[in-house]
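Single-structure report; data block below.
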């Protein structure tokens, strides 16, 4: 009888322990792994957060939020000090749009009302220049425009990009693709682009604005963060601002970047050093 009581006590303890631990174990199995996007190989279908709208504030302010998966932005201060911005983009070594997302690696100019995107995009036909006068546009002057006549040739490995305001109603975009040896390939895009009035303003004879840069992989059908899309191995290099007499560093660690943040933190990694940013975006299935 004594041994039976001991066995019964042991059995009861094991049953109680199992009851207490089982919910935790089950919860651990259903929680997302939370690994950064570049932790998974491109062929992986590893589970991760599918509805992650968390934001990591690297410095300054979080200027906006948007249900657009993983992306990051870096802004200069609002001022008349700088006249243009320059980057050399190392094109991503991995890109899968999953048929539902468009890729953007871009500079931009932010005025008193909104931003003007000026950079390169990939909508399935290769990297090409584009512009987007956000929330503005008419039937004769659309807000979003791509320039397929300047699509990158297959030998392109990088792109030099410059963006600058010309007046309160015009901005300028320059894009030149280059091969692995730094030789120019394809036709340079070098054009003024009309923008809506009332956004860019003058102060002391100069345009008052913020310059920004960003990388994103935006869905065309709704933000399914498990669609398997990715954009990896991309890099902004030699990020600089021109102050009218010389180029100065536009690195995230300097005072020329006032605001920087990443969105959907389980789907994007960002590392930076000096004038260079490296990013990886992955919407894991």
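Miscellaneous remarks
- Residue in region 185-193 that is closer than 22 Å to residue 79 by Cα and either buried (at least 17 other Cβ atoms within 10 Å of the Cβ) or touching a helix residue (DSSP H, G or I) at 6+ places or on another chain (Cβ under 7 Å) (or both) present: yes
- Output for region 77-102, where each listed residue is assigned to a strand (DSSP E or B) and surrounded by fewer than 24 Cβ atoms within 10 Å (Cβ to Cβ): 79, 84, 86, 88, 90, 94, 95, 96, 102
- Elements of type strands (runs of 3 or more DSSP E) contained in region 187-274, each with 1 or more residues being touching a residue at least 24 places away in the same chain (Cβ under 8 Å), farther than 19 Å from residue 63 by Cβ and over 14 Å from the mean Cα position of the chain (by Cα): 189-194, 201-203, 206-208, 230-242, 247-249
- Any chance residue 160 is in contact (Cβ under 8 Å) with a residue 60 or more places away in the chain, more than 16 Å from the chain's Cα centre (by Cα), outside any loop (DSSP other than H, G, I, E, B) and over 15 Å from residue 231 (Cβ atoms): yes
- Of the numbered criteria (1) surrounded by fewer than 24 Cβ atoms within 10 Å (Cβ to Cβ); (2) in contact with a strand residue (DSSP E or B) (Cβ under 9 Å, 6 or more places away or on another chain); (3) under 20 Å from residue 80 (Cβ atoms), the one residue 233 fails is (3).
- Residue match in region 237-255 (condition: within 24 Å of residue 156 (Cα to Cα), touching a strand residue (DSSP E or B) at 6+ places or on another chain (Cβ under 7 Å) and buried (at least 22 other Cβ atoms within 10 Å of the Cβ)): yes
- Selected residue [in contact with a helix residue (DSSP H, G or I) (Cβ under 7 Å, 6 or more places away or on another chain) and at pLDDT below 95] from 34, 60: 34
- Per the conditions (1) assigned to a loop (DSSP other than H, G, I, E, B); (2) at pLDDT 95 or above, the sole criterion not satisfied by residue 49 is (2).
- Within region 115-133, not a single residue is over 20 Å from the mean Cα position of the chain (by Cα) and within 27 Å of residue 66 (Cβ to Cβ).
- Filtered residue count, region 134-157, keeping only those that are exposed (fewer than 13 other Cβ atoms within 10 Å of the Cβ) and either at pLDDT 95 or above or more than 20 Å from the chain's Cα centre (by Cα) (or both): 8
The values are calculated or read from the model by the stated rules, or taken from the named source; none is laboratory data. Quantities reported herein were computed from a predicted structural model and do not represent experimental measurements. When we count neighbours, we look across all protein chains shown, and the Cβ atoms used for this are built from the backbone with ideal geometry, even at glycine.
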